[in-house]
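What follows is a single structure, written as C-alpha cells, with notes after it.
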Amino acid sequence: MIELTAAEVAAATGGRLAADPDVRVTGSVVIDSRLAGPGALFVALPGEHVDGHDYVPVAVGNGAALVLAARDVDAPAVVVEDVQTALGALAREVLRRLRAAGDLKVVGITGSVGKTTTKDLLGQLLTPHGQTVVPRGSFNNEIGLPLTVLEADASTRFLVLEMGASGIGHLTYLTQIAPPDVSVVLAVGSAHLGEFGGIEAVATAKAEIVAGLVPGGTAVLNADDLRVVAMAEAAPGPVVTFGTIPTADVRAENIGMDRSGCASFDLRVRGAEPVTHPVQLRLVGEHHISNALAAAAAAIQVGLDAAAVAAGLAGATAISPHRMAVTQRPDGVTVIDDSYNANPDSMRAALKALAVMAGRERRSVAVLGEMLELGPDSRAAHDEIGRLVVRLNIKLLVVVGDGAGGIHDGATQEGSWGDETRFVPDVETASALLRDELLPGDVVLVKSSNGSGLWRLGDELSGEVRA
Ligand SMILES: Nc1ncnc2c1ncn2[C@@H]1O[C@H](COP(=O)(O)OP(=O)(O)O)[C@@H](O)[C@H]1O
Ligand SMILES: [Mg+2]
C-alpha cells in the first residue's frame, strides 16, 4: 500500500472526512480487525453475520489509523455511503497513481476454471523478474480484488489479478477498478451456469474482461475454446492465443504424461526464434497444460522470454490447497485431494488424472460429492460424470450426499456395477467406508464443490501422514 492521508482517502472515495485531514495511513488496508496493524486502514464492511462497524475498537486497538465506514464511529474515519463501492474507488485511485509514477503491468485472469491455478503459476513466473503482487487464496471478487490492488506499492512491477464472475456486469465492475494491460480468458465452461442462465451468457460475461482492457491492451485468449477465441472481436488491441492447436501463438507440442500424472510438452512461441523449449510440469493433471500456456502467454506479454518462462514453469508448484494436492501415505495409498471446487470440466479433468495415475497396476478410487450451482442441468451433469467414471474404468466409486446422487445413477446405468459404486449419505459415512476399504497401492481422488464439504475428507485422508 502507498501512504495516503485521510484527506486523500476522502477525495478518492467521495467520502466525508471525520478525522484530522493529515492522519496518515501507512499500513495495510484490511477488512478483518484482527489483521489490522500499526497505521492500517480498517474497512468496516457490513457482513452477512457480523458488521465491521462493531469491530472498530478492535481495529483501533491493533493500531489502525483510519476507518472507512458507513456511519460515524468512535475513531478517525472517512464516512461514505457504500463502503464496498468506496473500497473499489480507493483501489482505482491508488492504481492510477502507481501507473502514472512508474512501470507497472496489470494482468487480469478470468475463466470458468483454472483462474487460481493460473494466477499462482503466473505469480511464480514473474516473481524472479520483478516485485509481484498476486492475490492471496482466491481473492477475486468486488472485495478481494481491490484489497489485492491495494497491496501494490511503488516497487511493484507486476500486479496479477484473479477476476471472478457469476453474472453479467461483474467483470465490467472489476475492470473499472483495475483495467488490465493484459487480460487472460481461460475457458468458458459450465461453472455457475445456473446463476448465468446459459453458456452464451457465460461467454458474454467473460468477454467483459477483454472490453475492459486499457486502450491498446492485449487480450490473451484460449485458442482451444471457440467461445473464447471469438472474444477477439471485442479486443481493443493485439490478440495473442494459446493452446494446443497449431494456429495458437503460444502452444504446446509433443504432449506427454508421466506416471505421476504430470504433463510435459515443448513450448513454442510464434514470432520467437524457431526453437522449442521443453517443459516438465509439476502440477498433476493434463488440464494444467492449458493453465501453464495461459500463464506463459501472459508472462511473455509483460516482457519475459520463452526460455525464462519454460524454466519458471518447470519449477512451479500448486500453491493453493485442495487443488490436485497429491499425498503419498506411508501405507502405500496415494491421495489426490481436489476438493476445493468442482464443476463438470474440472471433474472430467481430475478423473482422467486419476485414471492415468493408477494405470493398470493400481486400484483407482473416486470419492465424489455434489457439484453445486449447476442450475436446471444439474441432474444430467451429475449423471454424465457417473458414466465417465465407468468409461474410465475407475475401480471404486463412492458417491457422497443426496445432491450427488445423479453420479451414482449414471454409473449404475452405464455398466453392470455391483459393489463398484457405493452411495453414502454424508462425509462421516464415507470416511468410515474408506477406512475399511482402502488398501495399500490404491489411488484415491476426493472431489466436490467446496460447499459440499468433501475437503474435510481430503484433509483427513491426506492428514493421516501429517499426524
Ligand atoms: N483448465 C482446466 N480444466 C479443467 N479443470 C481445471 C482446469 N484448471 C483447473 N482445474 C480444476 O478446477 C478446480 C478449480 O481450479 P482453480 O484453479 O481453483 O480454478 P478457479 O479459481 O477458476 O475456480 C480444481 O479442481 C482444478 O484442478
Ligand atoms: Mg479461484
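At a glance:
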quantity: Sole exception among (1) modelled with pLDDT of 95 or more; (2) closer than 28 Å to L283 by Cβ for N343, by number; calculated: (1)
quantity: L45 closer than 29 Å to V228 by Cβ and away from ligand 2 (no atom under 16 Å from the Cβ); calculated: no
quantity: All positions within the range 131-142 that are away from ligand 1 (no atom under 16 Å from the Cβ) and open to solvent by less than 40 Å² (accessible area, probe 1.4 Å); calculated: T132, V133
quantity: Lone unmet requirement of (1) more than 16 Å from ligand 2 (Cβ to nearest atom); (2) under 22 Å from the mean Cα position of the chain (by Cα) for A75; calculated: (2)
quantity: Filter result (basic (K, R), buried (at least 24 other Cβ atoms within 10 Å of the Cβ) and either closer than 10 Å to V134 by Cα or more than 6 Å from ligand 1 (Cβ to nearest atom) (or both)) within the range 102-121; calculated: K119
quantity: Matching residues in the range 294-353 - criterion: being hydroxyl-bearing (S, T, Y), open to solvent by less than 50 Å² (accessible area, probe 1.4 Å) and within 16 Å of ligand 2 (Cβ to nearest atom); calculated: S320, S339, S346
quantity: Some residue of the range 334-341 being more than 23 Å from L439 (Cβ to Cβ), outside any helix (DSSP H, G or I) and not charged (D, E, K, R); calculated: yes
quantity: All positions within the range 296-340 that are modelled with pLDDT of 90 or more, under 14 Å from A350 (Cα atoms) and of a type in the set (D, E, K, R); calculated: D337, D338
quantity: Answer from V284, V228 - the residue that is touching a strand residue (DSSP E or B) at 6+ places or on another chain (Cβ under 7 Å), surrounded by 15 or more Cβ atoms within 10 Å (Cβ to Cβ) and modelled with pLDDT under 95; calculated: V284
quantity: Positions within the range 206-227 being within 17 Å of I289 (Cα to Cα), among the aliphatic types (A, V, I, L, M) and in contact (Cβ under 8 Å) with a residue 60 or more places away in the chain, in sequence order; calculated: V220
quantity: Test: residue in the range 262-276 that is within 16 Å of ligand 1 (Cβ to nearest atom), open to solvent by 70 Å² or more (accessible area, probe 1.4 Å) and more than 26 Å from K206 (Cβ to Cβ); calculated: no
quantity: Criterion: buried (at least 24 other Cβ atoms within 10 Å of the Cβ), closer than 21 Å to L374 by Cβ and among the aliphatic types (A, V, I, L, M) - qualifying residue of V188, V160, V149; calculated: V188
quantity: Selection within the range 38-54 - within 20 Å of M1 (Cβ to Cβ) and either open to solvent by 20 Å² or more (accessible area, probe 1.4 Å) or over 31 Å from the mean Cα position of the chain (by Cα) (or both); calculated: P38, L45
quantity: Flag for R363 being in contact with an Asp or Glu (Cβ under 7 Å, 6 or more places away or on another chain) and of a type in the set (K, R); calculated: yes
quantity: Listing of helices (runs of 4 or more DSSP H) fully contained in the range 356-437 that carry 2 or more residues being β-branched (V, I, T), open to solvent by 60 Å² or more (accessible area, probe 1.4 Å) and in contact (Cβ under 8 Å) with a residue 40 or more places away in the chain; calculated: none
quantity: Pick from the range 150-174, criterion part of a loop (DSSP other than H, G, I, E, B) and within 16 Å of ligand 1 (Cβ to nearest atom), ranking: nearest to L90 (Cα to Cα); calculated: M163
quantity: Whichever residue in the range 7-21 is assigned to a loop (DSSP other than H, G, I, E, B) and touching a strand residue (DSSP E or B) at 6+ places or on another chain (Cβ under 7 Å) and, among such residues, is surrounded by the most Cβ atoms within 10 Å (Cβ to Cβ); calculated: G15
quantity: Any chance E208 is under 19 Å from the mean Cα position of the chain (by Cα), more than 16 Å from ligand 2 (Cβ to nearest atom), surrounded by 21 or more Cβ atoms within 10 Å (Cβ to Cβ) and of a type in the set (D, E, K, R); calculated: yes
quantity: Residues of the range 278-302 satisfying the condition of being farther than 14 Å from G123 by Cα and not in a helix (DSSP H, G or I); calculated: P278, V279, Q280, L281, R282, L283, V284, G285, E286, H287
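The values are calculated or read from the model by the stated rules, or taken from the named source; none is laboratory data. Since the model is a prediction, treat every value here as computed from it, not as a measurement. Backbone-built Cβ (ideal geometry, glycine too); neighbour counts: all protein chains shown. Heavy atoms of the whole protein, side chains included, go into the accessibility calculation; ligands, DNA and RNA do not. Shrake-Rupley method; radii C 1.70, N 1.55, O 1.52, S 1.80 Å.
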